[in-house]
Amino acid sequence: MGRNAKISIINNTDCDWVLDESKTKLTHGKFNQSPTKKILKGTIGIFKVGNRTGAKIGPKGSLVYVMQNKDKTPIKISWNHPFSATTSTYQCVSDPIGVVNSSVDVTGGHDQKVDILVVQKVEAI
C-alpha cells in the first residue's frame, strides 16, 4: 500500500517558469517521475512522488520554479502525503507572497491526483 501523488502544475501566468534544481528538497520519499524542467506559460508541468519501497512514510518535499519575469519571482510547490490518517497537504506560494494566486484540487486516497492552478494576481485599478 503505497502513497503516490501525480502533481500537475497549470501555469496560467504570463511568463515561463524554470525549475531551480538546487532548491529541490525531498524530506521523505522519491520522485516516480522527475519534475518538468520548464513550464511554458499556458501549459502544464507534471511530476510524480511516492514513498520508498517498504517505508511507512509518505512523500514529503518541495521544489521551486523561477518565473521568468523582471523580478525572477520564485514559486514554491510543497507536498506532504503522509502514511497515517493525517490529511495530505499541497501548497503553492510565491516570494513575495501575493504575486500569484493558486487553487489546489486533490482527488483520490492512497494514489492522489493533484491539480494546482496558478494565476497572476491582478492589481485593482
Need pairs with beta-carbon distance below 6 Å; first residue more than 15 Å from Val118 (Cα to Cα) and within region 57-83, second among the small types (Gly, Ala, Ser); sequence gap 6+ or separate chains. Pro59/Gly29; Pro59/Gly50; Ser62/Ser78; His81/Ala5; His81/Gly58; His81/Ser88; Pro82/Gly58; Phe83/Gly58
Across region 58-88, what is the total count of residues that are closer than 17 Å to Asn4 by Cβ, surrounded by fewer than 16 Cβ atoms within 10 Å (Cβ to Cβ) and at pLDDT 95 or above? 0
One residue is enough: does region 3-22 have a residue meeting the conditions among the basic types (Lys, Arg), more than 23 Å from Lys121 (Cβ to Cβ), surrounded by 18 or more Cβ atoms within 10 Å (Cβ to Cβ) and out of contact with any Lys or Arg (no Cβ under 9 Å at 6 or more places or on another chain)? yes
Looking at (1) of a type outside the set (Asp, Glu); (2) assigned to a strand (DSSP E or B); (3) within 17 Å of Ser88 (Cβ to Cβ), which is the only condition Gly2 fails? (2)
Flag if Gly29 is touching a Pro at 6+ places or on another chain (Cβ under 7 Å), on the phi > 0 side of the Ramachandran plot and either of a type in the set (D, E, K, R) or surrounded by 17 or more Cβ atoms within 10 Å (Cβ to Cβ) (or both): yes
Residues (more than 13 Å from the chain's Cα centre (by Cα) and assigned to a loop (DSSP other than H, G, I, E, B)) located in region 21-31: Gly29
Of all residues in region 32-51, how many are part of a loop (DSSP other than H, G, I, E, B) and surrounded by 15 or more Cβ atoms within 10 Å (Cβ to Cβ)? 3
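The values are calculated or read from the model by the stated rules, or taken from the named source; none is laboratory data. Since the model is a prediction, treat every value here as computed from it, not as a measurement. Don't worry about glycine lacking a Cβ; one is built from the backbone with ideal geometry, like all the others, and counts go over all protein chains shown.
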